[in-house]
Amino acid sequence: MKYLDLIAVLFAAVLLVSNVASTKLVVLGPFTFDGGTLLFPLAYIFGDVLTEVYGYRRSRRVIWLGFFALLLATLTFQGVAALPAPKDEESQRFAQAFGLLLGLTPRIVLGSLLAYFVGEFANAYVLAKLKVKTEGRFFWLRALTSTLVGQGLDTGIFLLVAFYGVFPKEVLWAVFLSNYVFKVGVEALMLPITYGVVGFLKRVEGLDVYDRDTDFNPFRLA
């Protein structure tokens, strides 16, 4: 497996960068969403590639790797934000800016981790099951279906846990639609590239795993 470690590192990097970029809201045409949404769809594309080529069991390990990397980064940011800064004016100003950007509230931290965990495992599960049912055909349909499920759960759980009761329901619904449509749209536009990457990896690695007898318990790492 020449490229599994590379994909795992890129997957974790996308998660960490997206988490930091999500501290800023951006407007892109008719869409309003956090900055992390620009990059985060790549995590689901990497997830599709991992499950399609290497199977659910190896994908599960990489998802856990990403989870612990995200948890470590979040706890580190919160710990640094909580520590006192030097008393001079410039240090205090930088400390305040750091706290505002990266000292996330517990609800946002919990929402982010829970949404990632449920969304990624749902995406991998749906793709792996559909691959067996379709006997490996219609990858485009399997990738889009798994993304519709995974991204829907990811976006919905995050908004409910992090912001329910903070913003009006109509605002949450509008943000959900913007995020969901954009993420699924990116996945659809990237399908030709995803097809190419999947085909290349299957040839080079000599792998095309079907999860016919796989234990899909997300907590089983053996």
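A few comments on the model shown:
- Its Cα centre serving as origin, the chain has a Cβ charge dipole (Lys and Arg +1, Asp and Glu -1) of approximately 460 debye.
- For the chain, the direction-averaged projected area of the alpha-carbon convex hull comes to 14.0 nm².
- For the chain, the residue among Gln92, Thr134, Phe68 whose Cα projects farthest onto the positive side of the dipole built from Cβ charges is Thr134.
- Exposed trypsin sites (Lys or Arg not before Pro) absent: longest stretch of the chain, with sites in DSSP loops and at most 14 other Cβ within 10 Å deemed exposed: 138-211
- At 1.567 mPa s and 4 °C, Stokes diffusion of the stretch 113-222 via Kirkwood alpha-carbon radius, µm² per second: 83
- Solvent-accessible surface (1.4 Å probe) assigned to Met1 amounts to roughly 120 Å².
- Of the cross-linked pairs Lys24/Lys87; Lys24/Lys129; Lys87/Lys183; Lys24/Lys133, those separated by over 32 Å at the C-alpha level are Lys24/Lys129; Lys87/Lys183; Lys24/Lys133.
- Long-range HN-HN contacts of Val26 with modeled amide H, under 5 Å: Phe33, Asp34, Gly35
- Helical segments meeting 24 Å axial Cα length and Kyte-Doolittle 1.0 threshold in the chain (DSSP H): 4-21, 139-163
The values are calculated or read from the model by the stated rules, or taken from the named source; none is laboratory data. Nothing here was measured: the structure is a model prediction, and the numbers come from that model. As a convention, Cβ positions derive from the backbone with ideal geometry for all residues, glycine included, and neighbour counts pool all protein chains shown. Ligands, DNA and RNA are stripped out before the accessible areas are found, and what is left, the full protein with its side chains, is counted by its heavy atoms. Shrake-Rupley method; radii C 1.70, N 1.55, O 1.52, S 1.80 Å.
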